[in-house]
Amino acid sequence: METITPEAAASENLQSKPGKPYPLGATYDEQGVNFALFSEHATAVYLCLYDPADPATEIARIPVEERTENVWHIYLDAIKPGTLYGYRVEGPY
């Protein structure tokens with residue numbers, strides 16, 4: 001299964017777009033992945049990508065700047081199913 005490598009994350013191939021607020025979660029469309037996360041109280045959201053060879057190593061932290069009501073969203077070109085990701089969310093909890 002193809003995943004993002006540290007080299008790809010560091011290259012200009014990792015392009016972001018605003019994305020869409022729905023559906024929630026990570027949605028692959030053969031060109032990239034739309035990420036949408038609901039958070040009523042977040043003040044900032046970051047999409048974190050991890051090295052498939054060393055899952056404890058974060059290789060990219062991308063600010064999610066688009067927000068529609070309480071849904072934060074971003075679209076990343078060149079991301080494939082199997083890519084390891086997570087979120088960092090700032091704000092009260």
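Listed here are the residues, each with its yes/no results for (1) of a type in the set (Gly, Ala, Ser); (2) open to solvent by 40 Å² or more (accessible area, probe 1.4 Å); (3) at pLDDT 95 or above; (4) not in a loop (DSSP other than H, G, I, E, B).
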position	(1), (2), (3), (4)
GLU2	no, yes, no, no
GLU7	no, yes, no, yes
GLY19	yes, no, yes, no
ARG67	no, yes, yes, yes
TRP72	no, no, yes, yes
TYR75	no, no, yes, yes
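Between residues in region 14-37 that are at negative phi and aromatic (Phe, Trp, Tyr) and residues that are exposed (fewer than 13 other Cβ atoms within 10 Å of the Cβ) and assigned to a loop (DSSP other than H, G, I, E, B), which pairs lie under 6 Å by C-beta distance while being six or more apart or on different chains?
Between residues of region 14-37 that are at negative phi and aromatic (Phe, Trp, Tyr) and residues that are exposed (fewer than 13 other Cβ atoms within 10 Å of the Cβ) and assigned to a loop (DSSP other than H, G, I, E, B), the close pairs are TYR28/PRO81.
Results for (1) assigned to a loop (DSSP other than H, G, I, E, B); (2) aliphatic (A, V, I, L, M); (3) under 18 Å from GLN15 (Cα atoms), shown as yes or no for each residue.
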{"site": "HIS41", "(1), (2), (3)": "yes, no, no"}
{"site": "CYS48", "(1), (2), (3)": "no, no, yes"}
{"site": "ALA56", "(1), (2), (3)": "no, yes, no"}
{"site": "ILE59", "(1), (2), (3)": "no, yes, yes"}
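Checking ASP29 against (1) over 15 Å from ARG88 (Cα atoms); (2) open to solvent by less than 40 Å² (accessible area, probe 1.4 Å): exactly one of these is not met. Which one?
Going through (1) over 15 Å from ARG88 (Cα atoms); (2) open to solvent by less than 40 Å² (accessible area, probe 1.4 Å) one by one, ASP29 breaks only (2).
Looking at region 51-65 only, could you name the residues that are open to solvent by less than 50 Å² (accessible area, probe 1.4 Å) and either at pLDDT 95 or above or β-branched (Val, Ile, Thr) (or both)? First the steps, then the outcome.
Just the residues of region 51-65 that are open to solvent by less than 50 Å² (accessible area, probe 1.4 Å), to begin with: 51, 59-60, 62, 64.
Of everything in region 51-65, those that are open to solvent by less than 50 Å² (accessible area, probe 1.4 Å) and either at pLDDT 95 or above or β-branched (Val, Ile, Thr) (or both) turn out to be ILE59, ILE62, VAL64.
So, in region 77-93, how many residues would count as being modelled with pLDDT of 95 or more, open to solvent by less than 80 Å² (accessible area, probe 1.4 Å) and either part of a loop (DSSP other than H, G, I, E, B) or among the hydroxyl-bearing types (Ser, Thr, Tyr) (or both)?
Residues that pass the stated criteria total 2.
Which residues, taken from region 54-74, are aliphatic (A, V, I, L, M), under 14 Å from GLY25 (Cα atoms) and under 9 Å from the mean Cα position of the chain (by Cα)? Spell out the reasoning first.
Residues of region 54-74 that are aliphatic (A, V, I, L, M), as a first pass: 56, 59-60, 62, 64, 71, 74.
Still in the running and under 14 Å from GLY25 (Cα atoms): 64, 71, 74.
Hits for region 54-74 are VAL64, ILE74.
The values are calculated or read from the model by the stated rules, or taken from the named source; none is laboratory data. All figures in this text were calculated on a predicted structure; none of them were measured in a lab. Glycine gets a Cβ as well: all are built from the backbone with ideal geometry, and neighbour counts include every protein chain shown. Quick note on the areas: whole protein, heavy atoms, side chains included, nothing else; ligands and nucleic acids left out. Shrake-Rupley method; radii C 1.70, N 1.55, O 1.52, S 1.80 Å.
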